[in-house]
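Asker: So that we are looking at the same thing, I have put the structure below in C-alpha cells.
The values are calculated or read from the model by the stated rules, or taken from the named source; none is laboratory data. Just so we're clear, the structure is a prediction, and the values are computed from it rather than from any experiment. Here the Cβ is made from the backbone with ideal geometry for all residues, glycine too, and neighbour counts use every protein chain on show.
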Amino acid sequence: MEKTARRERSFVIIKPDGVQRALVGDIVSRFERTGLKFVGFKLLVPTEEQCWEHYNKTDEWFLEKGANIAKARKEAGVSVEKDEIEYGKDIIKQLAIFMTSGPVLAMVLEGNEAVGVVSKLVGATEPLSSDVGTIRGDFTIDSYDLSGVDERAVRNLIHCSDCPEEAERETKIWFDEKELINYRLVGEQILYDVNLDGILE
C-alpha cells in the first residue's frame, strides 16, 4: 500500500470499561463523523503477553510514573511500601489485569492526520484532566490519584497511538496484515478530490 498523508493510520482500543458500559457505538460514531475510515475492527480478549508488548515501557518511564504514585499515596495518607520503580511497573501489571478482564474492541483508522485527529477526540490520558467534548472528558471521571491509591489501572475507556510509528508497531501486535482491508469510501471524494469531479451531472 502506498503511504500518503491520506493513508496515515492510527491504532485504537476500546478498553473493557468502554465495552461494559455500552459506549462502543458512541465512541465509534465520533470517529466516523470526522471522515476517518475503519480498515481493521476486532473484538477480542487480550492476552497478558500482548499487553506487555503493547505498552513497551522503559525503566525511566516506570521510575517517573512510580514517583507520582508514591507522592499521591503520601498525600492521601497511605503508606509507601515499595521502591518507586516497582510502583511504575505495577501500572503495566494492573493494566494487563484490567485489559485481560473482558473483551476489548481493537480498531485501525485511516485518513489524513489520523493519529492527531484520534488523539484530539480521545483527550488526555487522565479522564479528570481531559477536556469537555473529548471521549474521556465526556464519558468517565477516573483520576490518577484515585487509581493509584486503589492500586488499579486508570479506567479511561480507550487507548490511542501517540504517533504514526507507534500506530504501526501497535497494529502489528493486534492485527495480521491480511485482516486490514484496503477499500474506498464514497465520502473520500469530498475529503480528498481536489476538484470534486463528478459531483454535478
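Asker: Has segment 72-86 got any residue that is surrounded by 20 or more Cβ atoms within 10 Å (Cβ to Cβ) and modelled with pLDDT under 90?
Answerer: The answer is no, given that none of the residues of segment 72-86 is surrounded by 20 or more Cβ atoms within 10 Å (Cβ to Cβ) and modelled with pLDDT under 90.
Asker: Do we have any residue at all in segment 37-54 that's hydroxyl-bearing (Ser, Thr, Tyr), touching a Pro at 6+ places or on another chain (Cβ under 9 Å), surrounded by fewer than 21 Cβ atoms within 10 Å (Cβ to Cβ) and touching a residue at least 24 places away in the same chain (Cβ under 8 Å)?
Answerer: There is no residue in segment 37-54 that is hydroxyl-bearing (Ser, Thr, Tyr), touching a Pro at 6+ places or on another chain (Cβ under 9 Å), surrounded by fewer than 21 Cβ atoms within 10 Å (Cβ to Cβ) and touching a residue at least 24 places away in the same chain (Cβ under 8 Å).
Asker: Please count how many residues of segment 108-161 are within 22 Å of LYS57 (Cβ to Cβ), of a type outside the set (A, V, I, L, M) and modelled with pLDDT of 95 or more.
Answerer: Looking only at that region, the number is 6.
Asker: Also, quick follow-up: In contact with a helix residue (DSSP H, G or I) (Cβ under 8 Å, 6 or more places away or on another chain), closer than 22 Å to VAL19 by Cβ, of a type in the set (Val, Ile, Thr) and surrounded by fewer than 13 Cβ atoms within 10 Å (Cβ to Cβ), is that true of ILE173?
Answerer: Taking the combined requirement at face value, the residue does not satisfy it.
Asker: What tally of residues in segment 24-74 results from selecting those that are closer than 22 Å to GLU84 by Cα and assigned to a strand (DSSP E or B)?
Answerer: 0
Asker: I need the full set of residues from segment 125-150 which are part of a helix (DSSP H, G or I) and surrounded by 19 or more Cβ atoms within 10 Å (Cβ to Cβ), in order please.
Answerer: Correct list: PRO127, ILE135, ARG136, PHE139, TYR144, SER147, GLY148.
Asker: Moving on. Give the residue that is surrounded by the most Cβ atoms within 10 Å (Cβ to Cβ), with candidates limited to residues of segment 1-29 that are of a type in the set (Lys, Arg) and over 20 Å from PRO164 (Cα atoms).
Answerer: Checked segment 1-29; the qualifying residue surrounded by the most Cβ atoms within 10 Å (Cβ to Cβ) is LYS15.
Asker: Also, quick follow-up: Hey, could you check segment 148-179 for residues that are touching a residue at least 12 places away in the same chain (Cβ under 8 Å) and more than 18 Å from the chain's Cα centre (by Cα) and say which is nearest to LEU95 (Cα to Cα)?
Answerer: Top of the filtered list is GLU151.
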